[in-house]
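*Asks:* One structure follows; several queries about it will come next.
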Amino acid sequence: MEARSAAVFRQVFADPRFSVTRRTPLGLVRHVLPVAVRARVPESLLRALLVPRAALRRLDRVTRRFSDELEPESGAGPAARLDHAERLMGRLFAVVPGILPLPAVGCGMLWLAGRLLGPNRWEDLQQVLRGLPGNVTTEMDLDLWRLASAVKEDRESRLALETRKPAALAAYFGAGGLPPVLHAGLARFLDRYGHRAVAEIDVGMPRWSDDPTHILGVLANYLPLADPALAPDEQFSRAEAEAVAAVERLVAEARSKGRVRALLVGAALRRARLFAGIRELPKYQVVLGLAEVRKQLRQVGAVLAADGRLENPDDIFFLDFAEARQALNGAGNDGKDSDGAGPPGTLRGLVLERRAAYSRELGRRHVPRVVLSDGTEPEVLYAAGTGAAEGGLSGSPASAGSVTAPARVILDPVGARLEPGEILVAPSTDPGWTPLFLTAGGLVMEMGGPNSHGAVVAREYGIPAVVGVPEATVRLTTGQRITVDGGAGTVVPG
């Protein structure tokens, strides 16, 4: 999933001090097999292979049941809400085994088709993965584009987005003061996707429903896109048509080697398209659960803030469950906090200390992929490639194609502006970044491999992408004209 980390681990394992001692998978199998059987993984795999539509229907039942289990009983008090949040954290990943077999089958079928077609077919197979159905992230991005299209046709809404800053618009939205078309459309979008966020696996991060500033900024970014041919929904439709044509072409090629081979290639590629997009769904469901955990904890935090034990409700994210429970029970009010420090009668000292540490870490520009116990960073012990041209960079090919355009280095997508056609240069991306992909001409990431989130979404949109590029956000500058070759894995000036 992360190409540069893989290189570091290979180097570490070559050191006799860190060599692998268990060379059989039996220990892993003994742990994984019982879990897989309980989650009916073998049954799910067979159903996906033999009756794929039935597999999708069962998937829908699994996700609905998970959503129904998220909310606590009505009338729950703060202690019950805290208990519910802790229980949810313990079982969030229980939904994953019910989903994961389907994208696993999709990837497996793509591999099988490649084997049947012959060597060096990665570029052809990449085309099959464009415009995939069932990808919750691309569906979200296209919903946002449709909202932008509706807003563009409403003069009052468009004027608001063009003349006011996203943070001010977010405040108006909270007060019910946005133009009706923009307000209603944003409310509908947040009702479905408001549980998402940038860095969304951190339960302390505000969700879009808490603060829609990022979404309003993205909507403003979409307004200048005037060419209908470049509209994201049109591009997605073209990508889907090209992928279907690629399947037909590859099946026809296989037919020249035998009818059975053609049938197998066709069945494999159709299942690959049907299931590969579901790759995004496990995390989507986990984040749905995390948003409910956040909601419950904030309500507990509000009670503690009202009692004066915390300064504001969000301070609860700097406590653990045991400390929050003690605070609800009145502990920590004997003149010291639960760790023996801080202002009398509150947990505020503990929170202040942890907030300060958090702020320091947010300023850290370099986070080692691997650190040894003696402080050594293995990655600095070998030199990364620099590409074919002077001043160029190299990484992992992620999405085929070549594009030359100005770079836009973005470290935080909230409030960022990406002009149509610019090449997005980022440290890494998650689903919270992908609304920017709709107008990007290309993608360069410091983190990631061919199967990481940004690479997968870039392939779906047909955006040339190179990932795992060392120091890309430092060595490239906004406005610099660069060429991204997603097939060769290179980034060069000009």
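*Asks:* Based on other C-beta atoms within 10 Å, arrange Met89, Met445 from fewest to most.
*Replies:* The fewest-first ordering by Cβ neighbours comes to Met89, Met445.
*Asks:* Describe numerically, in nm with one decimal, the distance between label points set 7 Å from Cα along Cα→Cβ at Ser373 and at Glu248.
*Replies:* Taking the simple label geometry, Ser373 and Glu248 are separated by 6.1 nm.
*Asks:* Right, another one. Looking at the chain, what % of its DSSP beta bridges pair antiparallel, to the nearest 5?
*Replies:* 60
*Asks:* For the range 393-493, take the convex hull of the Cα atoms, compute a quarter of its surface area, and give me that in nm², please.
*Replies:* 4.9
*Asks:* Measuring from centroid to centroid over Cα atoms, what is the spacing of the range 285-325 and the range 44-106 in Å?
*Replies:* One Cα centre to the other: 23 Å.
*Asks:* Still on this structure, I have one more. Once you put a point 7 Å from the Cα of Asp143 and another 7 Å from the Cα of Ala199, both along the Cβ direction, what distance in nm separates them?
*Replies:* 2.5
*Asks:* Nearest 5 is fine: what % of DSSP beta bridges in the range 393-493 come out antiparallel, could you say?
*Replies:* 60
*Asks:* By how many nm would the segment from Arg115 to Leu46 grow when fully extended, if each residue of separation counts as 0.36 nm and the alpha-carbon distance is taken off?
*Replies:* Stretched out fully, the Arg115 to Leu46 stretch lengthens by 22.8 nm.
*Asks:* To test your reading of the geometry: what angle, between 0 and 90 degrees and rounded to tens, separates the Cα axis of helix 101-117 from the longest principal axis of the chain?
*Replies:* 20
*Asks:* List the pair-distance distribution P(r) of the range 150-254, using every Cα-Cα distance, as the percent of pairs falling in each 5 Å bin from 0 up to the bin containing the longest distance, rounded to whole percents.
*Replies:* 2, 11, 17, 17, 14, 12, 9, 6, 5, 3, 2, 1, 0
*Asks:* Sum up the charges of everything whose Cβ sits under 12 Å from the Cβ of Arg115, counting Lys and Arg as +1 and Asp and Glu as -1, but leave Arg115 out.
*Replies:* +2
Since every read-out is calculated from the coordinates, none of them should be taken as a lab result. No experiment lies behind these values; they were computed from the predicted model shown. Glycine also receives a Cβ, built like all others from the backbone with ideal geometry; neighbour counts cover every protein chain displayed.
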